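The values are calculated or read from the model by the stated rules, or taken from the named source; none is laboratory data. Keep in mind the model is a prediction, meaning the values are calculated, not measured. All Cβ positions, glycine included, derive from the backbone under ideal geometry; neighbour counts span all protein chains shown.
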(Lines give C-alpha, C1' and ligand atoms only; values in the text may rest on other atoms or scores of the structure.)
Protein backbone atom coordinates (compact mmCIF):
# COMPACT_ATOMS: atom_id res chain seq x y z
CA UNK A 1 0.00 0.00 0.00
CA UNK A 2 1.39 3.40 -0.91
CA UNK A 3 0.73 6.88 0.29
CA UNK A 4 -1.03 8.95 -2.40
CA UNK A 5 1.02 11.91 -3.51
CA UNK A 6 -2.00 14.15 -3.38
CA UNK A 7 -3.02 13.27 0.17
CA UNK A 8 -5.32 15.95 1.57
CA UNK A 9 -3.85 18.36 4.10
CA UNK A 10 -4.13 17.34 7.73
CA UNK A 11 -4.39 20.86 9.10
CA UNK A 12 -7.65 21.40 10.99
CA UNK A 13 -9.10 24.88 10.64
CA UNK A 14 -10.84 26.48 13.62
CA UNK A 15 -11.14 30.09 14.70
CA UNK A 16 -9.76 29.25 18.12
CA UNK A 17 -8.54 26.15 19.92
CA UNK A 18 -11.62 25.91 22.13
CA UNK A 19 -13.65 25.82 18.90
CA UNK A 20 -11.59 22.85 17.83
CA UNK A 21 -11.81 20.82 21.03
CA UNK A 22 -15.33 21.79 22.11
CA UNK A 23 -17.26 19.65 19.61
CA UNK A 24 -14.85 16.71 19.98
CA UNK A 25 -15.31 16.64 23.76
CA UNK A 26 -19.08 17.17 23.47
CA UNK A 27 -19.37 14.32 20.95
CA UNK A 28 -17.38 11.96 23.16
CA UNK A 29 -19.55 12.77 26.19
CA UNK A 30 -22.72 12.25 24.19
CA UNK A 31 -21.57 9.08 22.43
CA UNK A 32 -20.37 7.35 25.60
CA UNK A 33 -22.96 8.80 27.96
CA UNK A 34 -20.41 10.24 30.38
CA UNK A 35 -21.95 11.97 33.38
CA UNK A 36 -20.18 15.34 33.36
CA UNK A 37 -21.61 18.72 34.31
CA UNK A 38 -21.40 21.56 31.80
CA UNK A 39 -18.85 23.24 34.05
CA UNK A 40 -16.59 20.17 34.04
CA UNK A 41 -16.96 19.77 30.28
CA UNK A 42 -15.97 23.41 29.75
CA UNK A 43 -12.99 22.95 32.08
CA UNK A 44 -11.76 19.94 30.11
CA UNK A 45 -12.06 21.86 26.83
CA UNK A 46 -10.12 24.78 28.32
CA UNK A 47 -7.51 22.35 29.66
CA UNK A 48 -6.99 20.87 26.21
CA UNK A 49 -6.79 24.35 24.70
CA UNK A 50 -4.09 25.26 27.24
CA UNK A 51 -2.10 22.12 26.51
CA UNK A 52 -1.86 22.95 22.82
CA UNK A 53 0.56 25.73 23.67
CA UNK A 54 4.29 25.02 23.66
CA UNK A 55 5.70 24.18 27.06
CA UNK A 56 2.39 22.90 28.41
CA UNK A 57 2.84 19.24 27.56
CA UNK A 58 3.00 18.04 31.13
CA UNK A 59 6.68 17.17 30.77
CA UNK A 60 7.08 17.26 34.54
CA UNK A 61 4.22 14.80 34.97
CA UNK A 62 5.90 12.43 32.55
CA UNK A 63 9.44 12.76 33.86
CA UNK A 64 9.26 12.95 37.68
CA UNK A 65 7.76 10.56 40.24
CA UNK A 66 4.14 11.52 40.78
CA UNK A 67 4.23 10.84 44.52
CA UNK A 68 7.10 13.30 44.78
CA UNK A 69 5.16 15.93 42.83
CA UNK A 70 2.10 15.42 45.03
CA UNK A 71 4.17 15.63 48.19
CA UNK A 72 5.86 18.82 46.98
CA UNK A 73 2.48 20.33 46.14
CA UNK A 74 1.06 19.43 49.55
CA UNK A 75 4.08 20.94 51.31
CA UNK A 76 3.87 24.20 49.35
CA UNK A 77 2.64 27.05 51.52
CA UNK A 78 0.11 29.75 50.66
CA UNK A 79 -1.75 30.38 47.42
CA UNK A 80 0.86 28.53 45.34
CA UNK A 81 -0.28 25.26 46.91
CA UNK A 82 -3.67 25.39 45.21
CA UNK A 83 -2.07 26.11 41.86
CA UNK A 84 0.43 23.25 42.16
CA UNK A 85 -2.33 20.81 43.09
CA UNK A 86 -4.46 21.97 40.18
CA UNK A 87 -1.56 21.76 37.73
CA UNK A 88 -0.69 18.26 38.98
CA UNK A 89 -4.31 17.09 38.66
CA UNK A 90 -4.47 18.58 35.16
CA UNK A 91 -1.16 17.01 34.17
CA UNK A 92 -2.10 13.54 35.39
CA UNK A 93 -5.50 13.76 33.72
CA UNK A 94 -4.03 14.89 30.42
CA UNK A 95 -1.14 12.42 30.38
CA UNK A 96 -3.33 9.50 31.51
CA UNK A 97 -5.88 10.27 28.81
CA UNK A 98 -3.56 11.05 25.93
CA UNK A 99 -0.51 8.95 26.82
CA UNK A 100 -1.99 6.11 28.87
CA UNK A 101 -0.05 3.57 26.83
CA UNK A 102 3.18 5.42 27.54
CA UNK A 103 2.54 5.15 31.27
CA UNK A 104 1.67 1.47 31.05
CA UNK A 105 4.81 0.80 28.98
CA UNK A 106 6.79 2.37 31.82
CA UNK A 107 5.18 -0.16 34.14
CA UNK A 108 3.00 2.41 35.89
CA UNK A 109 -0.36 1.11 37.07
CA UNK A 110 -3.16 3.30 35.64
CA UNK A 111 -5.30 3.01 38.78
CA UNK A 112 -2.40 4.23 40.90
CA UNK A 113 -1.83 7.22 38.62
CA UNK A 114 -5.53 8.06 38.62
CA UNK A 115 -5.64 7.88 42.42
CA UNK A 116 -2.81 10.41 42.61
CA UNK A 117 -4.51 12.74 40.16
CA UNK A 118 -7.79 12.47 42.04
CA UNK A 119 -5.99 13.19 45.31
CA UNK A 120 -4.47 16.34 43.84
CA UNK A 121 -7.87 17.60 42.70
CA UNK A 122 -9.51 16.59 45.99
CA UNK A 123 -6.99 18.62 47.96
CA UNK A 124 -7.49 21.60 45.63
CA UNK A 125 -11.23 21.23 46.22
CA UNK A 126 -10.70 21.13 49.98
CA UNK A 127 -8.82 24.43 49.78
CA UNK A 128 -11.77 25.97 47.94
CA UNK A 129 -14.28 24.59 50.43
CA UNK A 130 -12.34 26.05 53.34
CA UNK A 131 -13.11 29.50 51.97
CA UNK A 132 -16.80 28.82 51.42
CA UNK A 133 -19.19 29.13 54.33
CA UNK A 134 -20.81 25.88 53.23
CA UNK A 135 -18.14 23.23 53.68
CA UNK A 136 -20.05 20.65 51.64
CA UNK A 137 -20.84 22.89 48.70
CA UNK A 138 -20.35 21.21 45.35
CA UNK A 139 -17.49 22.43 43.23
CA UNK A 140 -15.72 21.64 40.00
CA UNK A 141 -12.63 20.03 41.53
CA UNK A 142 -14.61 17.65 43.73
CA UNK A 143 -16.40 16.48 40.58
CA UNK A 144 -13.08 16.00 38.77
CA UNK A 145 -11.70 14.10 41.79
CA UNK A 146 -14.71 11.84 42.29
CA UNK A 147 -15.00 10.95 38.60
CA UNK A 148 -11.29 11.09 37.75
CA UNK A 149 -11.18 7.74 35.94
CA UNK A 150 -14.23 8.65 33.90
CA UNK A 151 -12.54 11.88 32.81
CA UNK A 152 -9.41 9.90 31.89
CA UNK A 153 -11.57 7.69 29.67
CA UNK A 154 -13.15 10.81 28.18
CA UNK A 155 -9.73 12.26 27.27
CA UNK A 156 -8.64 8.88 25.91
CA UNK A 157 -11.72 8.90 23.68
CA UNK A 158 -10.92 12.45 22.58
CA UNK A 159 -7.34 11.41 21.76
CA UNK A 160 -8.54 8.43 19.74
CA UNK A 161 -11.08 10.59 17.96
CA UNK A 162 -8.37 13.09 16.99
CA UNK A 163 -6.14 10.26 15.76
CA UNK A 164 -9.03 8.90 13.70
CA UNK A 165 -9.76 12.33 12.20
CA UNK A 166 -6.14 12.77 11.19
CA UNK A 167 -5.96 9.38 9.45
CA UNK A 168 -6.49 10.49 5.86
CA UNK A 169 -4.21 8.15 3.96
CA UNK A 170 -4.30 4.39 3.48
CA UNK A 171 -1.18 4.01 5.58
CA UNK A 172 -2.69 6.03 8.41
CA UNK A 173 -5.86 3.93 8.32
CA UNK A 174 -3.79 0.75 8.57
CA UNK A 175 -1.99 2.21 11.57
CA UNK A 176 -5.37 3.06 13.05
CA UNK A 177 -6.47 -0.54 12.52
CA UNK A 178 -3.30 -1.83 14.19
CA UNK A 179 -3.93 0.49 17.09
CA UNK A 180 -7.50 -0.78 17.34
CA UNK A 181 -6.16 -4.34 17.47
CA UNK A 182 -3.94 -3.37 20.43
CA UNK A 183 -6.42 -1.26 22.35
CA UNK A 184 -9.88 -2.40 21.25
CA UNK A 185 -10.88 1.28 21.33
CA UNK A 186 -14.57 1.72 20.56
CA UNK A 187 -13.84 5.16 19.12
CA UNK A 188 -11.31 3.74 16.66
CA UNK A 189 -13.65 0.84 15.87
CA UNK A 190 -16.40 3.30 15.03
CA UNK A 191 -13.98 5.34 12.89
CA UNK A 192 -12.92 2.23 10.96
CA UNK A 193 -16.54 1.28 10.36
CA UNK A 194 -17.25 4.81 9.14
CA UNK A 195 -14.56 4.17 6.52
CA UNK A 196 -16.32 1.00 5.39
CA UNK A 197 -14.13 -1.43 7.31
CA UNK A 198 -15.50 -4.05 9.67
CA UNK A 199 -12.86 -4.39 12.38
CA UNK A 200 -12.73 -8.00 13.57
CA UNK A 201 -10.25 -9.54 15.96
CA UNK A 202 -8.70 -12.85 14.93
CA UNK A 203 -10.62 -15.81 16.36
CA UNK A 204 -7.85 -18.34 15.93
CA UNK A 205 -9.97 -20.44 13.57
CA UNK A 206 -8.43 -21.80 10.38
CA UNK A 207 -10.47 -21.13 7.25
CA UNK B 1 -1.55 36.70 32.01
CA UNK B 2 -1.47 33.50 34.05
CA UNK B 3 -2.66 30.01 33.12
CA UNK B 4 -5.47 30.05 35.72
CA UNK B 5 -6.78 33.18 34.03
CA UNK B 6 -6.70 31.45 30.62
CA UNK B 7 -8.43 28.35 31.92
CA UNK B 8 -11.20 30.22 33.69
CA UNK B 9 -11.74 32.74 30.89
CA UNK B 10 -12.16 29.99 28.30
CA UNK B 11 -14.34 27.85 30.58
CA UNK B 12 -16.67 30.74 31.34
CA UNK B 13 -16.90 31.78 27.68
CA UNK B 14 -17.70 28.22 26.65
CA UNK B 15 -20.34 27.80 29.34
CA UNK B 16 -22.08 31.07 28.44
CA UNK B 17 -22.07 30.24 24.73
CA UNK B 18 -23.40 26.75 25.40
CA UNK B 19 -26.18 27.80 27.76
CA UNK B 20 -27.51 30.37 25.32
CA UNK B 21 -26.80 28.36 22.17
CA UNK B 22 -24.59 31.05 20.63
CA UNK B 23 -22.20 30.87 17.72
CA UNK B 24 -18.63 30.83 18.91
CA UNK B 25 -17.16 34.26 19.46
CA UNK B 26 -13.41 34.87 19.14
CA UNK B 27 -11.30 33.53 22.02
CA UNK B 28 -11.69 36.05 24.86
CA UNK B 29 -8.13 35.31 26.01
CA UNK B 30 -6.81 37.20 22.98
CA UNK B 31 -8.61 40.37 24.09
CA UNK B 32 -7.65 40.48 27.76
CA UNK B 33 -5.26 43.05 29.22
CA UNK B 34 -4.20 43.07 32.85
CA UNK B 35 -5.02 46.22 34.79
CA UNK B 36 -3.33 47.76 37.81
CA UNK B 37 -3.43 46.44 41.37
CA UNK B 38 -6.61 48.25 42.39
CA UNK B 39 -8.37 48.21 39.00
CA UNK B 40 -11.82 46.71 38.41
CA UNK B 41 -13.07 44.71 35.43
CA UNK B 42 -13.66 47.00 32.44
CA UNK B 43 -14.70 46.31 28.87
CA UNK B 44 -13.19 48.91 26.55
CA UNK B 45 -14.96 49.43 23.22
CA UNK B 46 -14.05 51.62 20.28
CA UNK B 47 -16.02 51.70 17.04
CA UNK B 48 -14.32 52.98 13.91
CA UNK B 49 -16.09 52.73 10.56
CA UNK B 50 -17.10 49.07 10.30
CA UNK B 51 -14.63 47.86 12.91
CA UNK B 52 -15.26 47.26 16.59
CA UNK B 53 -12.18 47.18 18.82
CA UNK B 54 -12.58 45.36 22.12
CA UNK B 55 -10.31 44.99 25.12
CA UNK B 56 -11.25 43.36 28.41
CA UNK B 57 -9.22 44.74 31.31
CA UNK B 58 -9.05 42.52 34.39
CA UNK B 59 -7.40 43.12 37.74
CA UNK B 60 -4.43 40.90 38.64
CA UNK B 61 -5.11 38.07 41.06
CA UNK B 62 -2.58 37.01 43.68
CA UNK B 63 -4.31 33.78 44.67
CA UNK B 64 -5.24 31.48 41.73
CA UNK B 65 -7.86 29.74 43.87
CA UNK B 66 -9.94 32.91 43.67
CA UNK B 67 -10.41 32.28 39.96
CA UNK B 68 -12.14 28.97 40.58
CA UNK B 69 -15.59 29.34 42.00
CA UNK B 70 -17.18 26.74 44.19
CA UNK B 71 -20.71 26.64 42.89
CA UNK B 72 -21.65 28.41 46.05
CA UNK B 73 -19.48 31.12 47.53
CA UNK B 74 -17.70 32.78 44.59
CA UNK B 75 -14.89 35.27 45.08
CA UNK B 76 -14.97 38.88 43.93
CA UNK B 77 -12.20 38.07 41.42
CA UNK B 78 -14.27 35.30 39.84
CA UNK B 79 -17.38 37.49 39.71
CA UNK B 80 -15.44 40.28 37.99
CA UNK B 81 -14.04 37.81 35.48
CA UNK B 82 -17.51 36.44 34.71
CA UNK B 83 -18.89 39.94 34.32
CA UNK B 84 -16.13 40.81 31.86
CA UNK B 85 -16.55 37.64 29.79
CA UNK B 86 -20.33 38.11 29.83
CA UNK B 87 -19.93 41.64 28.45
CA UNK B 88 -17.46 40.41 25.82
CA UNK B 89 -19.68 37.58 24.58
CA UNK B 90 -22.78 39.79 24.59
CA UNK B 91 -21.11 42.56 22.59
CA UNK B 92 -19.67 40.01 20.14
CA UNK B 93 -23.09 38.40 19.66
CA UNK B 94 -24.91 41.71 19.21
CA UNK B 95 -22.26 42.86 16.74
CA UNK B 96 -22.57 39.58 14.83
CA UNK B 97 -26.33 39.93 14.60
CA UNK B 98 -25.99 43.68 13.92
CA UNK B 99 -28.21 44.64 16.84
CA UNK B 100 -27.61 47.49 19.27
CA UNK B 101 -26.74 46.92 22.92
CA UNK B 102 -27.25 49.28 25.84
CA UNK B 103 -25.15 49.47 29.00
CA UNK B 104 -28.17 48.38 31.04
CA UNK B 105 -28.55 45.29 28.85
CA UNK B 106 -24.90 44.44 29.41
CA UNK B 107 -25.12 44.83 33.18
CA UNK B 108 -28.45 42.98 33.43
CA UNK B 109 -27.21 40.06 31.33
CA UNK B 110 -24.01 39.82 33.36
CA UNK B 111 -25.97 39.70 36.62
CA UNK B 112 -28.09 36.88 35.18
CA UNK B 113 -25.03 35.03 33.84
CA UNK B 114 -23.36 34.93 37.28
CA UNK B 115 -26.32 33.10 38.78
CA UNK B 116 -26.77 30.84 35.75
CA UNK B 117 -23.13 29.68 35.81
CA UNK B 118 -23.17 29.02 39.53
CA UNK B 119 -26.62 27.47 39.84
CA UNK B 120 -27.21 25.61 36.59
CA UNK B 121 -23.95 24.47 34.96
CA UNK B 122 -22.32 22.55 37.80
CA UNK B 123 -23.59 19.98 40.25
CA UNK B 124 -27.25 20.76 41.02
CA UNK B 125 -27.84 23.07 43.98
CA UNK B 126 -30.52 22.16 46.47
CA UNK B 127 -33.18 24.84 47.13
CA UNK B 128 -31.45 26.02 50.31
CA UNK B 129 -28.12 26.59 48.56
CA UNK B 130 -29.83 28.14 45.56
CA UNK B 131 -31.59 30.58 47.88
CA UNK B 132 -28.35 31.38 49.69
CA UNK B 133 -26.63 32.02 46.36
CA UNK B 134 -29.45 34.34 45.29
CA UNK B 135 -29.08 36.18 48.57
CA UNK B 136 -25.31 36.52 48.14
CA UNK B 137 -25.46 37.79 44.57
CA UNK B 138 -28.44 40.11 44.79
CA UNK B 139 -29.25 41.00 48.38
CA UNK B 140 -25.94 41.37 50.18
CA UNK B 141 -24.29 43.57 47.56
CA UNK B 142 -22.25 46.73 47.89
CA UNK B 143 -22.26 49.37 45.16
CA UNK B 144 -19.26 51.44 44.20
CA UNK B 145 -21.46 54.18 42.72
CA UNK B 146 -23.92 56.28 44.73
CA UNK B 147 -27.64 55.68 44.20
CA UNK B 148 -28.19 59.16 42.79
CA UNK B 149 -25.67 58.76 39.95
CA UNK B 150 -26.46 57.42 36.49
CA UNK B 151 -24.09 54.47 36.93
CA UNK B 152 -25.45 53.80 40.40
CA UNK B 153 -29.03 53.73 39.17
CA UNK B 154 -28.13 51.44 36.28
CA UNK B 155 -26.31 48.90 38.49
CA UNK B 156 -29.14 48.85 41.03
CA UNK B 157 -31.77 48.40 38.34
CA UNK B 158 -29.77 45.60 36.68
CA UNK B 159 -29.33 43.88 40.03
CA UNK B 160 -33.03 44.15 40.90
CA UNK B 161 -34.24 42.93 37.51
CA UNK B 162 -31.78 40.02 37.42
CA UNK B 163 -32.80 38.99 40.94
CA UNK B 164 -36.45 38.85 39.93
CA UNK B 165 -35.77 37.05 36.67
CA UNK B 166 -33.55 34.25 38.00
CA UNK B 167 -35.72 33.67 41.06
CA UNK B 168 -38.38 32.07 38.92
CA UNK B 169 -36.01 29.88 36.88
CA UNK B 170 -35.25 27.16 39.42
CA UNK B 171 -37.21 23.99 38.82
CA UNK B 172 -38.76 25.21 35.59
CA UNK B 173 -38.77 22.71 32.74
CA UNK B 174 -38.55 25.48 30.14
CA UNK B 175 -35.62 27.15 31.91
CA UNK B 176 -33.21 26.86 28.99
CA UNK B 177 -35.75 28.19 26.51
CA UNK B 178 -36.58 31.09 28.83
CA UNK B 179 -32.91 31.94 29.28
CA UNK B 180 -32.27 31.89 25.53
CA UNK B 181 -35.28 34.07 24.84
CA UNK B 182 -34.13 36.52 27.49
CA UNK B 183 -30.59 36.59 26.06
CA UNK B 184 -31.75 37.50 22.57
CA UNK B 185 -34.22 40.14 23.76
CA UNK B 186 -33.46 43.85 23.57
CA UNK B 187 -33.56 46.18 26.55
CA UNK B 188 -37.33 46.80 26.64
CA UNK B 189 -38.17 43.12 26.27
CA UNK B 190 -35.59 42.11 28.88
CA UNK B 191 -37.14 44.52 31.38
CA UNK B 192 -40.61 43.23 30.55
CA UNK B 193 -39.57 39.60 30.99
CA UNK B 194 -37.85 40.33 34.27
CA UNK B 195 -40.76 42.33 35.66
CA UNK B 196 -43.20 39.63 34.62
CA UNK B 197 -41.45 37.37 37.08
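Regarding segment A:107-124, can at least one residue be identified that is within 21 Å of residue A:26 (Cα to Cα) and touching a residue at least 24 places away in the same chain (Cβ under 8 Å)?
The answer is no; no qualifying residue exists.
With respect to residue B:60, is the statement that it is within 13 Å of chain A (Cβ to nearest Cβ) and crowded, with 19+ Cβ neighbours inside 10 Å true?
No; evaluated as a whole, the condition is false for this residue.
Let me confirm something: among B:47, B:98, which residue is on the phi > 0 side of the Ramachandran plot and more than 14 Å from every other protein chain (Cβ to nearest Cβ)?
B:98
Quick one: which of A:77, A:23 is at pLDDT below 95 and either assigned to a loop (DSSP other than H, G, I, E, B) or at positive phi (or both)?
A:77
Can you report the number of residues in segment B:14-38 which are within 7 Å of chain A (Cβ to nearest Cβ) and in a loop (DSSP other than H, G, I, E, B)?
Of the residues in segment B:14-38, 3 are within 7 Å of chain A (Cβ to nearest Cβ) and in a loop (DSSP other than H, G, I, E, B).
Out of the helices (runs of 4 or more DSSP H) lying entirely within segment B:66-171, which hold 2 or more residues that are in contact (Cβ under 8 Å) with a residue 60 or more places away in the chain and touching a strand residue (DSSP E or B) at 6+ places or on another chain (Cβ under 8 Å)?
Output list reads B:76-96.
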